[in-house]
Amino acid sequence: MSRAIDRARHAVAAAAPTGLSLAAVSGGADSLALAVAASQLPGDFGAVIVDHGLQAGSAQVADRAAGQCRELGLEPVLVLRVDTRPDEASARAARYEAFDRALQSTGAQRILLGHTRDDQAEQVLLGLLRGSGTRSLAGMPAVRGAYARPLLDLSRQDTEQICAGAGLEYWEDPSNTDTSYRRNLVRSEILPYLRGQLGEHIPQALARTAQLAAADADALDQWAGRAWAEHGTNLKSLADLPPAVASRVLRLAAADAGARNLGRERTAALCALAGVGTEKSKSAGPVQLEGKISAYRRSPVIVFTDSR
């Protein structure tokens, strides 16, 4: 356990800026281990617990987690109740809205999240199952804005050992056994099968894939950012770029115009409109995008209009 907690403390210290940081704690092993590591460091560390209200007894689980955080010496400890639909996307959106409120009300600089290497491996597998691109295969970033995931190099077994060493009982979310959710299926059946057949190194290998994909995606994004700044959506300039970069330029331009949720299908339509890649559209548009944004080919550029 001492090696695991040493690694966790070092990772949390590296992720926490000067000022207050809040550990996001659910009561599960991963987030409690995060709280334990934070409690053993100098500096200002508090906790935020979000009660989604989706299960019987959720308020008691949240209050118990809050009590454990207070016993560890974290301050402040917030318990925020949210109303949400039971699907994963709605619950996540409500949770992050609560996190944003916690940042504003406390003046905290960062929210620390307890995702582990196993979570990252699951994320990569889910991306593969969706047929996703490089950015999705990069998994969860270690830092994004005010959010940090310092435990991505630790396993779920490590966090359970940390909790045991601290004498803390952690909560097992009963919904994690529901394999109608694809993530739970990956966690409880697919990853254990791969470990059994191919070796215990599989989560590490998948997490390493995420790191390599993230580096590649960052490089492509930087290239696209420079190309957009220099040439905008000029058709000739787009044609001179690799499709992976040109598609990113078009996504940047669409987002700048106000388009939302630009997924694979709409990105492909923009590429066809611009003559990027193998599929080329004879039509000059429009390509309709969410947010009431339309894209047209008006040589020498692709233009975006707002019909709101």
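Taken over region 152-196, the residue count meeting the criterion of being among the hydroxyl-bearing types (Ser, Thr, Tyr) and either surrounded by 18 or more Cβ atoms within 10 Å (Cβ to Cβ) or over 23 Å from the mean Cα position of the chain (by Cα) (or both) is 4. Residues in region 251-286 that are basic (Lys, Arg), out of contact with any strand residue (DSSP E or B) (no Cβ under 9 Å at 6 or more places or on another chain) and surrounded by 15 or more Cβ atoms within 10 Å (Cβ to Cβ): Arg251 only.
Has region 32-40 got at least one residue that is in contact with a Pro (Cβ under 9 Å, 6 or more places away or on another chain) and more than 19 Å from Pro150 (Cβ to Cβ)? Checked against the condition, which is being in contact with a Pro (Cβ under 9 Å, 6 or more places away or on another chain) and more than 19 Å from Pro150 (Cβ to Cβ), region 32-40 yields no hits at all.
When we screen Ala102, Ala98, Ala142 for residues that are free of Cβ contacts under 8 Å to residues at least 60 places away in the same chain and crowded, with 18+ Cβ neighbours inside 10 Å, the only hit is Ala98.
A count restricted to region 132-150 and to residues that are part of a loop (DSSP other than H, G, I, E, B) and not small (Gly, Ala, Ser) stands at 4.
Only residues that are of a type outside the set (Gly, Ala, Ser) and in contact with an Asp or Glu (Cβ under 9 Å, 6 or more places away or on another chain) were counted in region 207-230, giving 1. For the residues Ser307, Ser299, the requirement of being loosely packed, with under 15 Cβ neighbours inside 10 Å, touching a residue at least 12 places away in the same chain (Cβ under 8 Å) and in contact with a strand residue (DSSP E or B) (Cβ under 7 Å, 6 or more places away or on another chain) singles out Ser307. Taken over region 272-308, the residue count meeting the criterion of being under 32 Å from the mean Cα position of the chain (by Cα), of a type in the set (Ser, Thr, Tyr) and assigned to a loop (DSSP other than H, G, I, E, B) is 2.
Condition first: touching a Gly at 6+ places or on another chain (Cβ under 8 Å) and not in a helix (DSSP H, G or I). Can you find one or more residues in region 245-258 that meet it? Scanning region 245-258, I find at least one residue that is touching a Gly at 6+ places or on another chain (Cβ under 8 Å) and not in a helix (DSSP H, G or I), so the answer is yes. Scanning region 53-95 for residues that are over 30 Å from Pro42 (Cα atoms), under 21 Å from the mean Cα position of the chain (by Cα) and touching a residue at least 24 places away in the same chain (Cβ under 8 Å) returns Val82, Thr84, Pro86, Glu88, Ala91, Ala94. Taking Ala11, is it modelled with pLDDT of 95 or more, on the phi < 0 side of the Ramachandran plot and outside any helix (DSSP H, G or I)? In short, no. Look at Asp216 and say whether it is among the charged types (D, E, K, R), under 22 Å from the mean Cα position of the chain (by Cα), at pLDDT 95 or above and farther than 30 Å from Leu54 by Cβ. So Asp216 fits the description; yes.
Of the strands (runs of 3 or more DSSP E) that lie entirely inside region 18-131, not one contains 3 or more residues that are touching a helix residue (DSSP H, G or I) at 6+ places or on another chain (Cβ under 6 Å), among the hydrophobic types (A, V, I, L, M, F, W, C) and not assigned by TED's automatic domain parsing to the domain that holds Glu160.
Gly199: within 19 Å of Leu113 (Cα to Cα), surrounded by fewer than 17 Cβ atoms within 10 Å (Cβ to Cβ) and without any contact (Cβ under 8 Å) to a residue 12 or more places away in the chain, yes or no? So Gly199 does not fit the description; no.
The values are calculated or read from the model by the stated rules, or taken from the named source; none is laboratory data. All values derive from a computational prediction rather than experimental measurement. Counting neighbours? That spans all protein chains shown, and the Cβs are built from the backbone with ideal geometry, glycine included.
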